[in-house]
There are 2 protein chains.
Amino acid sequence: MNKLPQKTVERLSQYRRLLMRYRYLDKPHIFSKDLARLLRINSVHVRRDLMLLGVSGSHSKGYDVQKLIVRITERLECEKGKNACIIGFGHTGRAVLEILAGDFTPVNVKAIFDTSNKSIGHTFHGVPCHSMGKIAGVIEDENITLAILADMDEDPENYISLLSSLGIKGIMNLTPAHLNLPDNIHLEEYDLVTALIKLAYFSGIKASG
Amino acid sequence: MNKLPQKTVERLSQYRRLLMRYRYLDKPHIFSKDLARLLRINSVHVRRDLMLLGVSGSHSKGYDVQKLIVRITERLECEKGKNACIIGFGHTGRAVLEILAGDFTPVNVKAIFDTSNKSIGHTFHGVPCHSMGKIAGVIEDENITLAILADMDEDPENYISLLSSLGIKGIMNLTPAHLNLPDNIHLEEYDLVTALIKLAYFSGIKASG
């Protein structure tokens, strides 16, 4: 199947996430114009995306929500899910596990790695926490291809060549460190605390300006 | 004081976050070149930023970590902190509270708002959870200026004019909905689940490509 553009993947993910909520409501149908309105997307984009998925809606009721979810899932090939590990289990690591345990995502967390004896040997939401020294063995045993870097006291860059050699294909960097990654690893990153500091700083500027 | 550029605020926040960890180590000094290396920033930028803060380091030991933290805090004016509320207390809202409770941020969460009777009336990390109907009164009483939109069943846009009229100056949008905000509200946004779906999709492309 053709590779989808980044923006299309983003929109399909947004539709899916929104529809997952609607699933539980009394109305299992939605009009494309309502999907467009809720996500503030041009409705032409939405109709084009839904056409690309090969689903058609009814004039009177709109699109079947459950069918849409199934088609988007198939198109994003996320029904199987990819195996991931969380490296560093402080507040950020716990927060990510909380989100992953609750919401639909195409990511199955199979292992947590940490340096603290308080966490090592325990399971959290059913996921075992190992010492950092076990990274190589566990990633291979559990067929893990995604690494979520959360709370690390060390320079995360120190782990990149190891992770690359173990077949990690995607890294979510939630640490404040910048990473130099080889071309064969896809990177997504975000630092919520930095975003909150920016929010507080610039909203203060606006308040006094 | 002059308004700092966005990139400078980002770098200062990153220094601060990194230094907060170093505080607990045996070496309370750091060289600008190590700060640059850990954050993968040009060391010229780092030295310029530290000069702007008016701190000077020692040739043999580098910069005093605690002094640096104090100066950055003053410059970002985040020692007072701004009052915030979390709207929607599902997995994302809980994750944000977890991060805010654990890490330094210039944000004090004073209230949570939710629709679920399971949460309303209880406190979490010392923060009370109110019904959505109490938004106006609580935001005024607690002098709240930041709103973190987390897990909402409704269209978050429905709340924007209310939040604006109550004096909210900054919004962190963690929902998948796009927001149209008035000019006097600063926006930061992120959707971790969408980022994870992109990570899984594009790392799959790389794996098979």
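The values are calculated or read from the model by the stated rules, or taken from the named source; none is laboratory data. These figures come from a predicted structure and were not determined experimentally. With ideal geometry, Cβ positions are generated from the backbone for all residues, glycine too; neighbour counts draw on all protein chains shown. All accessible areas refer to the heavy atoms of the entire protein, side chains included, with ligands and DNA or RNA removed. Shrake-Rupley method; radii C 1.70, N 1.55, O 1.52, S 1.80 Å.
Using a 7 Å projection from Cα along Cα-to-Cβ, the label point at A:Gly81 is separated from the same position in the remaining copies by 3.6 nm, smallest value first.
When both bridge partners sit in chain B, DSSP labels roughly 20% of those beta bridges antiparallel. Residues whose amide H falls under 5 Å from that of A:His186, counting only those 5 or more places apart or on a different chain, are A:Gly170, A:Ile171, with hydrogens built in the peptide plane. The string of couplings for the range A:189-194 from the Karplus curve (6.51, -1.76, 1.60, θ = phi - 60°) is 9, 6, 10, 4, 5, 4 Hz, one whole number per residue in order, with x for Gly and Pro.
Taking the 0 to 90 degree range and rounding to the nearest ten, how far is the long axis of helix A:43-52 tilted relative to the main principal axis of chain A, both from C-alpha atoms? Between the helix axis and the principal axis of chain A, the angle is about 80 degrees.
Of all beta-carbon atoms in chain B, the one sitting closest to the axis that brings chain B onto chain A gives B:Ala95, 2, with the distance in whole angstrom.
Residue by residue along A:183-193, Cβ atoms of other protein chains within 10 Å of the local Cβ number 6 on average.
Among B:Ser32, B:Ser131, B:Ser58, the largest mean-square fluctuation in a Gaussian network model of chain B, built with springs joining Cα atoms closer than 10 Å, belongs to B:Ser58. If you take the Cα centroid of the range B:169-188 and the Cα centroid of the range A:115-164, the two points sit 35 Å apart. As a fraction of the 1.4 Å probe accessible area of the protein assembly as shown, surface on carbon and sulfur atoms comes out at 49 percent. Take A:Lys134, push a point 7 Å out from Cα through the beta-carbon direction, and compare it with the same point in every other copy: 4.3 nm, smallest first. Each of A:Phe202, A:Pro128, A:Leu35 was scored by the projection of its Cα onto the charge dipole of chain A, and the greatest displacement toward the positive side belongs to A:Leu35; charges sit on the C-beta of Lys, Arg, Asp and Glu. Shielding of peptide B:5-17 by partners, expressed as the average count of other chain Cβ atoms within 10 Å per residue Cβ, is 4. Of B:Ala101, B:Ala36, B:Ala147, the residue with the greatest mean-square motion in the GNM of chain B, using alpha carbon springs below 10 Å, is B:Ala36.
Charge dipole of chain A (Cα centre as origin; +1 on each Lys and Arg Cβ, -1 on each Asp and Glu Cβ, all else neutral): 1440 debye, rounded to the nearest 20. Summed over both chains, the accessible area lost when A and B associate is about 7000 Å², using a 1.4 Å probe. Only protein heavy atoms count here; under a 1.4 Å probe, B:Cys129 has an accessible surface of about 10 Å².
Relative to the other identical copies, B:Ser164 shows label-point distances of 4.8 nm, where the label point lies 7 Å from Cα along the Cβ direction and values run shortest first.
The HN-Hα couplings worked out from phi for the range A:133-149 by the Karplus form 6.51 cos²θ - 1.76 cosθ + 1.60 (θ = phi - 60°) are x, 8, 3, 4, x, 5, 4, 5, 4, 8, 6, 7, 10, 10, 10, 9, 8 Hz, whole numbers, x standing for Gly and Pro.
Per-residue ellipticity at 222 nm, computed for chain B from helices alone with -39500 (n - 2.57) per DSSP H run of at least four residues, works out to -13500 deg cm²/dmol.
Taking the three principal axes of the alpha carbon atoms in the protein assembly as shown, the coordinate ranges are 75, 54, 38 Å, sorted in descending order. Going by accessible surface with a 1.4 Å probe and the largest first, B:Asp34, A:Asp153 read A:Asp153, B:Asp34. Note on chain B: with a GNM built from Cα contacts shorter than 10 Å, the maximum mean-square fluctuation among B:Arg16, B:Arg47, B:Arg94 falls on B:Arg47.
Computed from the C-alpha gyration tensor, the three semi-axes of the ellipsoid equivalent to the range B:31-187 are 37, 17, 15 Å, from longest to shortest.
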